[in-house]
Amino acid sequence: MQTTYKILNKAIEGLLVLIFSLLVLDVVWQVVSRYVVGQSSSFTEEFARFALIWLTVLGAAYINGQKEGHLSMDFLLSKLSADKQIRRNRVIQLLMAVFALVIMVIGGGNLVYTTLKLGQLSPALQLPLGYVYAIVPICGLLIIFFSIYHIKITFNANQK
């Protein structure tokens, strides 16, 4: 599981860098085409929107895998004993996995299925919107994996 965790983290990091780089190039091209060429490209705004969606959702899954990256208020947590802190973290990871399953995997999967079934296309790129929304259930599965990984790590740490 540790090897899978490391491979997933590296793959997500690479994908995030790629998406961010494409987003920067897209926005630069939009500015250049608007002010230098005098006519803006029709696809750049739509691509930037889709790239930002992917960047945000994938970034949330990545940060969930890092565990320390999420913004949290731990004032009350620091007042608990070490055992209660571990139990609280397990409950939080379990709730995050349930949320990811119900909202992201099941709900996002339904959204992808519906938009693909209806044949909805984006206006400028003529891309099926189901492909754009597919990142939601994929990241839901990633969050579930990372939550299970963090729960397993805490169980292994307690047994030592």
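The values are calculated or read from the model by the stated rules, or taken from the named source; none is laboratory data. For clarity, every value in this text was computed on a predicted model and none was experimentally measured. Every residue, glycine as well, gets a Cβ built from its backbone with ideal geometry; the counts of neighbours run over all protein chains shown.
Numbers below:
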quantity	calculated
Any hit, the range 109-125, residues being within 30 Å of residue 88 (Cα to Cα) and touching a Phe, Trp or Tyr at 6+ places or on another chain (Cβ under 8 Å)	no
Filter result for residue 30 (of a type in the set (S, T, N, Q), assigned to a loop (DSSP other than H, G, I, E, B) and farther than 16 Å from residue 150 by Cα)	no
Boolean, residue 44 is at pLDDT 95 or above and among the hydroxyl-bearing types (Ser, Thr, Tyr)	no
Number of the exception - residue 65 against (1) more than 26 Å from residue 93 (Cα to Cα); (2) touching a Phe, Trp or Tyr at 6+ places or on another chain (Cβ under 6 Å)	(1)
Residue check, residue 116 over 12 Å from the mean Cα position of the chain (by Cα), at pLDDT 85 or above and either at negative phi or assigned to a helix (DSSP H, G or I) (or both)	yes
Qualifying position, being modelled with pLDDT under 95, crowded, with 16+ Cβ neighbours inside 10 Å and either under 18 Å from the mean Cα position of the chain (by Cα) or farther than 25 Å from residue 155 by Cβ (or both), among 69, 65, 38	65
Verdict on residue 76 being part of a helix (DSSP H, G or I), surrounded by 12 or more Cβ atoms within 10 Å (Cβ to Cβ) and either touching a Cys at 6+ places or on another chain (Cβ under 8 Å) or not basic (Lys, Arg) (or both)	no
